[in-house]
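Report on the following structure.
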Amino acid sequence: MDISRRTFLKTSVTGALAVSALGFDLRPAHAAVRQLKIRNATEYRTVCPYCAVGCGTIAYVHGSGGLNTKNTVIHVEGDPDSPINGGTLCPKGASQMQLAISPRLRHQPLLRRAGAADWEEVDWDTAMDWFARKFKDSRDASFRGRDDDGRVVNRADGIAWVGSATVSNEDAYLITKTMRAMGLVYIDHQARI
Amino acid sequence: MTDTLSIRRVSASPDAYIPISALRSGGPTYAKLVDIGACIGCKGCEVACKEWNDLGVEPTANFGSYQSHRDLSPKTWLLMRFNEVEVDGNLNWLIKKDACLHCEEPGCLFACPAPGAIVQYTNGIVDFNQENCIGCQYCVTGCPFDIPRFDAATRKVSKCNMCVDRVEVGLEPACVKTCPTNAISWGSKRDMLALADQKVETLNARGYENAAVYNPAGVGGTHMMYVVPHGDRLGDYSLPSDPTASPAPMTALGFMKRMGAYLMGFGVLGTLVHFLRYGPERLEEHGGHGDGPAREVPSA
């Protein structure tokens with residue numbers, strides 16, 4: 001298309017006049033706010049895993065939950081309906097989404113062999129075999145069927161077990177049962193939630 | 001535009017928005033009240049701010065203080081300042097939740113020459129709209145509290161926006177929601193002023209006879225107010241005792257814009273008069289085009 005200078009000027013002036021005559025108002029554009037990022041996110045009520053207080057939290061999740069979808073947590077904040085915390089969270093709890101999404105999160109077990117200075121990344125089978133071997137050896141070495149007075153005790157004094165703060169009530173129950181079955185008496189757990 | 005976000009003022013637009021605020025009162029005027037007496041310095045608000053606004057991590061270094069970062073930055077809109085001060089022979093942390101105070105008379109907005117880069121809503125929030133920011137940093141100079149921070153990479157200025165996206169849909173800002181000791185409260189400005197008076201009374205009863213509300217009149221009051229236990233030592237809280245902001249730069253800008261428009265108009269008019277008086281320029285009289293000497297066009 002060939003546009004001469006005259007045609008260009010004519011069109012621009014007509015266009016400008018038309019726009020101002022029709023009353024184009026750009027003011028609403030100034031009020032354009034960032035969209036609420038949890039808009040349309042699914043809310044999941046959950047409990048902060050970090051300490052014994054057990055603050056109620058809401059995880060905001062993207063994804064339909066469909067068969068072919070892996071949901072993504074996009075935000076976590078306090079649950080205002082929780083009688084424990086009323087929506088508030090401490091700095092650690094406020095950052096708990098990182099437990100799920102942080103790129104620094106380790107997805108493989110680390111093993112530091114006896115005498116080694118560094119940790120090495122191993123697969124789960126190696127880690128489990130190593131653990132089972134050590135556990136069995138320690139138990140065999142320290143197991144006592146009877147105490148000094150000849151009473152039956154069947155305990156393994158050489159091992160202690162510290163539970164995790166991030167396990168649920170049910171996990172904690174199973175851990176306790178399993179360890180008691182192994183003969184452990186030194187069992188503790190951090191989060192009483 | 002929703003009701004809670006009627007515009008009160010827009011940067012570099014001295015008179016354009018008065019009719020809107022006159023027509024629509026725009027619903028409640030919000031305020032955040034920070035009771036420094038109840039703050040334990042946990043920095044939960046800092047984390048919540050970073051988390052909600054997706055500001056990302058900035059590596060910190062221990063510099064002998066409980067404070068996380070040394071200063072605010074384009075990625076740190078909220079910083080708990082741990083001012084270590086000796087009060088009556090005892091070490092005290094005069095903590096300041098350092099973030100935008102959302103002045104009623106915002107110095108940043110008055111100083112901003114970019115239309116629409118800074119917007120003040122009728123609910124009291126002063127928001128930076130980075131799309132319209134030209135990176136001149138006049139707002140940094142104009143702010144009496146030294147809050148806005150310039151990002152050299154994006155050449156934009158940012159600061160706390162009072163979680164305007166949350167407030168718009170009826171939620172409180174992230175820092176308010178997360179505060180575990182109820183040191184930060186949220187509500188209408190009127191309710192917060194009443195609550196502030198109560199908190200001052202409580203502090204007085206506990207022996208802090210200088211407890212005061214920080215809501216400086218020089219900037220028309222603020223939409224983040226403090227209750228300070230040691231009201232006589234504002235300097236130690238790094239709070240200016242008499243901050244001021246004046247709409248003079250904005251008025252001057254409006255005047256200059258009008259002058260510019262007049263000059264442009266007179267220029268066009270002058271050209272027209274000149275054309276009518278002397279007619280179009282005739283090229284053959286000068287023997288060429290423009291001021292330079294005539295040049296031969298080399299034949300191809």
In the stretch A:77-114, how many are more than 8 Å from chain B (Cβ to nearest Cβ) and assigned to a loop (DSSP other than H, G, I, E, B)?
18
Has the stretch B:155-165 got any residue that is part of a helix (DSSP H, G or I), out of contact with any Asp or Glu (no Cβ under 7 Å at 6 or more places or on another chain) and at negative phi?
yes
Hits in the stretch B:168-185 (condition: over 22 Å from the mean Cα position of the chain (by Cα) and not in a helix (DSSP H, G or I))
B:C179, B:P180, B:T181, B:N182, B:A183
In the stretch B:163-212, what residues are exposed (fewer than 15 other Cβ atoms within 10 Å of the Cβ), under 24 Å from B:V119 (Cα atoms) and of a type in the set (A, V, I, L, M)?
B:V169
Over the stretch A:62-76, the set of residues of a type in the set (A, V, I, L, M, F, W, C) and more than 9 Å from every other protein chain (Cβ to nearest Cβ) is A:L67, A:V73, A:I74
Those residues that are more than 20 Å from A:S102 (Cβ to Cβ), in contact (Cβ under 8 Å) with a residue 12 or more places away in the chain and outside any strand (DSSP E or B), I need them from the stretch A:41-76; list them, please.
A:A52, A:V53, A:G54, A:G65
Give the residues of the stretch A:139-193 that are out of contact with any Gly (no Cβ under 8 Å at 6 or more places or on another chain), among the β-branched types (V, I, T) and within 16 Å of A:Y50 (Cα to Cα), sorted by residue number.
A:V162, A:T166, A:V167
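Yes or no, residue by residue, for (1) over 30 Å from A:L105 (Cβ atoms); (2) not basic (K, R):
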{"residue": "A:G115", "(1), (2)": "no, yes"}
{"residue": "A:G145", "(1), (2)": "yes, yes"}
{"residue": "A:R151", "(1), (2)": "yes, no"}
{"residue": "A:A156", "(1), (2)": "yes, yes"}
{"residue": "A:N169", "(1), (2)": "no, yes"}
{"residue": "A:G183", "(1), (2)": "yes, yes"}
Inspect all residues belonging to the stretch A:5-28 and state whether any of them is in a loop (DSSP other than H, G, I, E, B), within 11 Å of another protein chain (Cβ to nearest Cβ) and at pLDDT 75 or above.
no
Filter result for the condition that a residue is more than 11 Å from chain A (Cβ to nearest Cβ) and touching a Pro at 6+ places or on another chain (Cβ under 8 Å), over B:N210, B:N204:
B:N210
Per the filter on the stretch B:43-75, residues within 12 Å of chain A (Cβ to nearest Cβ) and surrounded by 19 or more Cβ atoms within 10 Å (Cβ to Cβ) are B:K43, B:G44, B:C45, B:E46, B:V47, B:A48, B:C49, B:K50, B:E51, B:W52, B:N53
Please go through the stretch B:85-104 and give me each residue that is touching a residue at least 40 places away in the same chain (Cβ under 8 Å) and assigned to a strand (DSSP E or B), ordered by number.
B:V85, B:V87, B:N92, B:W93, B:L94, B:I95, B:K96, B:K97, B:D98, B:C103
From B:G135, B:G89, B:G116, B:G107, which residue is over 21 Å from B:L234 (Cβ atoms), more than 14 Å from chain A (Cβ to nearest Cβ) and not basic (K, R)?
B:G135
Checking A:S95 against (1) at pLDDT 90 or above; (2) in contact with a Gly (Cβ under 7 Å, 6 or more places away or on another chain); (3) of a type in the set (S, T, Y); (4) surrounded by 15 or more Cβ atoms within 10 Å (Cβ to Cβ), the condition it does not meet:
(2)
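The values are calculated or read from the model by the stated rules, or taken from the named source; none is laboratory data. What you see is a predicted model; the values in this text were computed from it and never measured. Note that each Cβ is placed from the backbone with ideal geometry, even for glycine, and that neighbours are counted across all protein chains shown.
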